[in-house]
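Q: Shown below is the structure under consideration.
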Amino acid sequence: MTRQIRPRRSALYMPGSNRRALDKARELPVDVVIMDLEDAVAPDAKEAARENIMAAVAAGGYGNREIVIRINAYGSPWWKDDLVAVATSGADAMLAPKISGADLLSKLGDLLAINGAPGDMRLWTMAETPMAIQKIDSIANADPRLEVIVMGTSDLARELRIPPDPDRIGLLPALSAGILAARTRGLDILDGVFGNLADHDGFTRACEQGRKLGFDGKTLIHPGQIDTANRIFGVSDADVSEAAEVIRAFEAATAQGNGIAVVNGRMIENLHAAEARRVLALNAAINHDRTKE
């Protein structure tokens, strides 16, 4: 299924308990604001955080930023009230944590509809447990609302007993499994967070690795990480020029009855032209609302 291309280079977690942070997000050059009710909120602050988030979304002012609300895990004392509130909040999507299988994600999708969620509200899912990775193919196919998989690499590394490693060697099989599942279903997928805010070089390397693996963007824990993520997962002027040249060459070749063109010594086929069109569409989406930058 063909989906609308949306820039998701940078997705910043914002604790719902911090009203100042929710307000500040309106000014940040971030593609996605993930308003968090789960990990970033203490148990005694859950209800107040929910009220803060509902008020912030209702007030608006986030421009073209995608607004996603992460609820508490199914079975927790807060998940049901979270879901009911999110369904009619006006947010773009609900992010479901601790998903261990397709049945649970499908149930949450059904509950969104039952509780009045509009048809265009999307569902995002965390992939943060070994069970989720084992079942990621079926999870990716669980619900028609599902649009994005978010890797929860911190929880996943802990459960897999993987020691800290800047190269993330132990996580590579899980990361690749998530990417394959996402692409099979035409979903987007976001890389996990980088927790060392003082290690700017390490964060840059993590973004570059994620881009090479095939991620669409990176989840973030601090506004200072936004610019780097936007640059690495974005579209450069050189990317735009190359994509336009590929399309021109391929269209000229097909007009002459040829299925292959050559650009700077590189053979260009239909698949290359299709990717070039995706790059240009992504660039157009990124530049649709320059007030974010």
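The values are calculated or read from the model by the stated rules, or taken from the named source; none is laboratory data. These figures come from a predicted structure and were not determined experimentally. Every residue, glycine as well, gets a Cβ built from its backbone with ideal geometry; the counts of neighbours run over all protein chains shown.
Q: Looking at the stretch 82-93, is at least one residue charged (D, E, K, R), assigned to a strand (DSSP E or B) and closer than 16 Å to V150 by Cβ? Walk me through how you get there before you give the answer.
A: Of the residues in the stretch 82-93, the ones charged (D, E, K, R) are 82, 92.
Going one step further and asking which of them are assigned to a strand (DSSP E or B), we end up with none.
No: the stretch 82-93 contains no residue that is charged (D, E, K, R), assigned to a strand (DSSP E or B) and closer than 16 Å to V150 by Cβ.
Q: Can you find a residue in the stretch 243-251 that is assigned by TED's automatic domain parsing to the domain that holds T129 and either touching a Leu at 6+ places or on another chain (Cβ under 6 Å) or not in a loop (DSSP other than H, G, I, E, B) (or both)? Explain how you work it out, then say what you get.
A: If we filter the stretch 243-251 for residues that are assigned by TED's automatic domain parsing to the domain that holds T129, which is where we start, we get none.
For the stretch 243-251, residues assigned by TED's automatic domain parsing to the domain that holds T129 and either touching a Leu at 6+ places or on another chain (Cβ under 6 Å) or not in a loop (DSSP other than H, G, I, E, B) (or both): absent.
Q: Condition first: of a type in the set (D, E) and part of a helix (DSSP H, G or I). Now tell me which residues in the stretch 252-293 satisfy that. Spell out how you get there, then give the answer.
A: In the first step, residues of the stretch 252-293 are kept if they are of a type in the set (D, E); the result is 269, 275, 289, 293.
Passing the criteria: only E275.
Q: Looking for whichever is touching a Phe, Trp or Tyr at 6+ places or on another chain (Cβ under 9 Å) and not hydroxyl-bearing (S, T, Y) here; the options are G217, G170, G195, G234. Which one fits? Even if it seems obvious, please write down each step before you answer.
A: Working: G170 fails: touching a Phe, Trp or Tyr at 6+ places or on another chain (Cβ under 9 Å); G195 fails: touching a Phe, Trp or Tyr at 6+ places or on another chain (Cβ under 9 Å); G234 fails: touching a Phe, Trp or Tyr at 6+ places or on another chain (Cβ under 9 Å).
Going through G217, G170, G195, G234 in turn, just one is touching a Phe, Trp or Tyr at 6+ places or on another chain (Cβ under 9 Å) and not hydroxyl-bearing (S, T, Y): G217.
Per-residue answers, yes or no, for (1) in contact (Cβ under 8 Å) with a residue 12 or more places away in the chain; (2) under 22 Å from L83 (Cα atoms); (3) assigned by TED's automatic domain parsing to the domain that holds F203; (4) of a type in the set (S, T, N, Q):
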site	(1), (2), (3), (4)
I139	yes, yes, yes, no
R145	yes, yes, yes, no
S154	yes, no, yes, yes
R158	no, no, yes, no
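Q: Can you tell me how many residues in the stretch 145-159 are surrounded by fewer than 21 Cβ atoms within 10 Å (Cβ to Cβ), more than 17 Å from K218 (Cβ to Cβ) and touching a helix residue (DSSP H, G or I) at 6+ places or on another chain (Cβ under 8 Å)?
A: The number of residues fulfilling the criteria is 1.
Q: Answer with yes or no whether S76 is among the hydroxyl-bearing types (S, T, Y), without any contact (Cβ under 8 Å) to a residue 12 or more places away in the chain and out of contact with any Leu (no Cβ under 8 Å at 6 or more places or on another chain).
A: yes
Q: Can you pull out the residues in the stretch 168-205 that are part of a loop (DSSP other than H, G, I, E, B) and of a type in the set (G, A, S)?
A: Filtering the stretch 168-205 down to residues part of a loop (DSSP other than H, G, I, E, B) leaves 168, 186-187, 192-199.
Those that are part of a loop (DSSP other than H, G, I, E, B) and of a type in the set (G, A, S): G186, G192, G195, A198.
Q: Give all pairs with beta carbons closer than 6 Å in which a residue from the stretch 204-230 that is in the same structural domain as E128 (by TED's automatic domain parsing) and surrounded by fewer than 15 Cβ atoms within 10 Å (Cβ to Cβ) meets a residue that is modelled with pLDDT under 95 and among the charged types (D, E, K, R); count only pairs at least 6 apart in sequence or on separate chains.
A: none
Q: Which of the residues that make up the stretch 28-68 are surrounded by 15 or more Cβ atoms within 10 Å (Cβ to Cβ), closer than 30 Å to N283 by Cα and in contact (Cβ under 8 Å) with a residue 40 or more places away in the chain?
A: Selection gives L28, P29, V30, D31, V32, I34, M35, R65, E66, V68.
Q: Now for a separate question. Taking into account only those residues within the stretch 99-116 that are part of a loop (DSSP other than H, G, I, E, B) and either modelled with pLDDT under 95 or within 22 Å of the chain's Cα centre (by Cα) (or both), which is surrounded by the most Cβ atoms within 10 Å (Cβ to Cβ)?
A: Let us first name the residues in the stretch 99-116 that are part of a loop (DSSP other than H, G, I, E, B), namely 99-101, 115-116.
Subset that is either modelled with pLDDT under 95 or within 22 Å of the chain's Cα centre (by Cα) (or both): 99-101.
Values: I99: 27, S100: 17, G101: 15.
Taking the candidates together, the pick is I99.
Q: To continue, here is another question. Are any residues in the stretch 24-72 in a helix (DSSP H, G or I), in contact with a helix residue (DSSP H, G or I) (Cβ under 8 Å, 6 or more places away or on another chain) and β-branched (V, I, T), and if so, which ones?
A: I53, the sole residue that qualifies.
Q: Now for a different question. Here are some residues: V30, V84. Which one is β-branched (V, I, T), assigned by TED's automatic domain parsing to the domain that holds N141 and under 19 Å from the mean Cα position of the chain (by Cα)? Talk me through it step by step, then tell me what you get.
A: Working: V84 fails: under 19 Å from the mean Cα position of the chain (by Cα).
Sole residue among the options that is β-branched (V, I, T), assigned by TED's automatic domain parsing to the domain that holds N141 and under 19 Å from the mean Cα position of the chain (by Cα): V30.
Q: How many residues are over 23 Å from N230 (Cβ atoms), in contact with a helix residue (DSSP H, G or I) (Cβ under 7 Å, 6 or more places away or on another chain) and not charged (D, E, K, R) when one looks only at the stretch 73-100?
A: Counting residues in the stretch 73-100 that are over 23 Å from N230 (Cβ atoms), in contact with a helix residue (DSSP H, G or I) (Cβ under 7 Å, 6 or more places away or on another chain) and not charged (D, E, K, R) gives 12.
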